[in-house]
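What follows draws every value from the coordinates through simple rules; no lab data is involved. Because the structure is a prediction, the values reported are computed rather than measured. Backbone-built Cβ (ideal geometry, glycine too); neighbour counts: all protein chains shown.
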Amino acid sequence: MKLLGLNSPEIFIILVISLSILGPKRIEKGFLLFKKLLKFLLSKNEDQSLANSKVKLEEAEESEVKEEIVEAEVKAEKAEESEVKEIVEAEVKAEKAEESEVKEEIVGAEVKSEKAEESEVKEDKINLEVKSIKPKKRTVKDEIIDVEVDSDN
């Protein structure tokens, strides 16, 4: 095995020399620290894998909940839209009915007003004819009288 371009016997010799320089107390402290470091790293990996799996489960649950919420909102919106459409259709039908009633009333009123106008016009024509006939007779009589009076002179 090679590490940093050194063979394993060379690495062993370097480690023995460095540990002999440090002394027995420091070697024990270093060895204990090394064990703690390994335990921390190994437990951290297990905890991280558990934490990652928990996070993945939570994310999956959250995504399912979000999908359910979105589906519920979509259903609610569709229901509201259908209710609104029904209301609008009912209003349109009511407006059409009102318009037809108003048109019938307007047509009826127009017919009545036209009949009233026609009767008034007929009455006016009759009155005018009667008035025009009477003055003509008078004028004719007046002329006759005038002619007779003139002829006497």
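Could you give the distance between the Cα centres of region 12-44 and region 65-86, to the whole Å? Distance between centres, Cα-based: 65 Å. Residues within the reach of a label modelled at Ile106 (point 7 angstrom out along Cα to beta-carbon, backbone nitrogen below 16 Å), restricted to region 67-99, are 95-99.
The gain in end-to-end length when the Lys93 to Lys39 segment is fully stretched comes to 11.5 nm, 0.36 nm per residue minus the alpha carbon separation.
Treating r as the C-beta distance of Ser8 and Ser53 and R0 as 35 Å, the FRET efficiency rounds to 0.40.
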